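Asks: Please read through the structure below; I'll follow up with questions.
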């Protein structure tokens, strides 16, 4: 059984379990935790297994099971599965494979489709290069990652925010990031399974998200039975970090709707 000791939780009420993005950590949802707890929700932010020392090969489905197992350990029967990027891919598999545990699904800058062969080859090459590194991510890699996670205006106008994450990435084991990358880079296309998700879904995406452009969300919108799409202006791939108040507003509106529907099991 994977080590699930790495998590933060606060508040009471309907539970929301967050999974973080690649190279990120559970602190990336600090602003969301504060806002949701203040509104009367129970929030859990969990650490990826690789950050707890388990860098063995695993899949997104394994990570979905980690999420459900953590819910079991915390005595949570039903919850809203939430996540950003890799965490969104994971939360989607929670909804697909463990729908009986889900009250809703929140995907921040995530998709259901698979990556193209050239994209997969590129990710594989990145992961292989990280295999050669025994310590944290090299500064050069971390700086390159910043250009993927944040939009150009954020890089220019919020250097302290960007530098804080670069320093955090440099302290993150390269082996952990390689393990994370392999978990999603060759993920299956689950678009055709989306009609099976019989709970409300929130898709929040950064208007300037370069890794996942809006066009990749269109097939999801067409197939999800109950979906809310929220465009976050002035945000790139890490929209909940770049524009926390706007993302918080979208999430709270979504959760308040679930609460009004008087769901049970929490």
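Asks: Go through the stretch 29-65 and give me each residue that's under 15 Å from the mean Cα position of the chain (by Cα), touching a residue at least 60 places away in the same chain (Cβ under 8 Å), closer than 16 Å to residue 16 by Cβ and crowded, with 20+ Cβ neighbours inside 10 Å.
Replies: Result: 29, 32.
Asks: OK, next. Before we move on, is residue 71 part of a helix (DSSP H, G or I) and farther than 23 Å from residue 186 by Cα? Give the steps one after another, and end with the answer.
Replies: Numbers: part of a helix (DSSP H, G or I): yes; farther than 23 Å from residue 186 by Cα: yes.
In short, yes.
Asks: Follow-up. Got a sec? Which of 76, 17 is at pLDDT 95 or above, over 26 Å from residue 243 (Cβ atoms) and touching a strand residue (DSSP E or B) at 6+ places or on another chain (Cβ under 6 Å)?
Replies: Details: 17 fails: over 26 Å from residue 243 (Cβ atoms).
Going through 76, 17 in turn, just one is at pLDDT 95 or above, over 26 Å from residue 243 (Cβ atoms) and touching a strand residue (DSSP E or B) at 6+ places or on another chain (Cβ under 6 Å): 76.
Asks: Being within 18 Å of the chain's Cα centre (by Cα), over 16 Å from residue 89 (Cα atoms) and surrounded by 16 or more Cβ atoms within 10 Å (Cβ to Cβ) narrows it down to one of 190, 201, 230, so name that one. Before the answer, list the steps.
Replies: Values: 190 fails: over 16 Å from residue 89 (Cα atoms); 201 fails: over 16 Å from residue 89 (Cα atoms).
Among 190, 201, 230, only 230 is within 18 Å of the chain's Cα centre (by Cα), over 16 Å from residue 89 (Cα atoms) and surrounded by 16 or more Cβ atoms within 10 Å (Cβ to Cβ).
Asks: Of the residues that make up the stretch 14-22, is at least one within 15 Å of the chain's Cα centre (by Cα), surrounded by fewer than 20 Cβ atoms within 10 Å (Cβ to Cβ) and under 23 Å from residue 176 (Cβ atoms)? Give the derivation first.
Replies: Narrowing the stretch 14-22 to residues within 15 Å of the chain's Cα centre (by Cα): 16-22.
If we keep only those that are surrounded by fewer than 20 Cβ atoms within 10 Å (Cβ to Cβ) too, we end up with none.
The answer is no, given that none of the residues of the stretch 14-22 is within 15 Å of the chain's Cα centre (by Cα), surrounded by fewer than 20 Cβ atoms within 10 Å (Cβ to Cβ) and under 23 Å from residue 176 (Cβ atoms).
Asks: Exactly one of these conditions fails for residue 171: (1) farther than 25 Å from residue 104 by Cα; (2) touching a helix residue (DSSP H, G or I) at 6+ places or on another chain (Cβ under 8 Å). Give me its number.
Replies: (2)
Asks: Show the residue pairs meeting these rules: Cβ distance below 9 Å; 6+ apart or different chains; first residue within the stretch 195-215 and free of Cβ contacts under 8 Å to residues at least 40 places away in the same chain; second residue in a helix (DSSP H, G or I).
Replies: Hits for this filter: 195/223; 207/214; 207/239.
The values are calculated or read from the model by the stated rules, or taken from the named source; none is laboratory data. For clarity, every value in this text was computed on a predicted model and none was experimentally measured. Ideal geometry is used to build each Cβ from the backbone, glycine not excepted, and the neighbour counts take in all protein chains shown.
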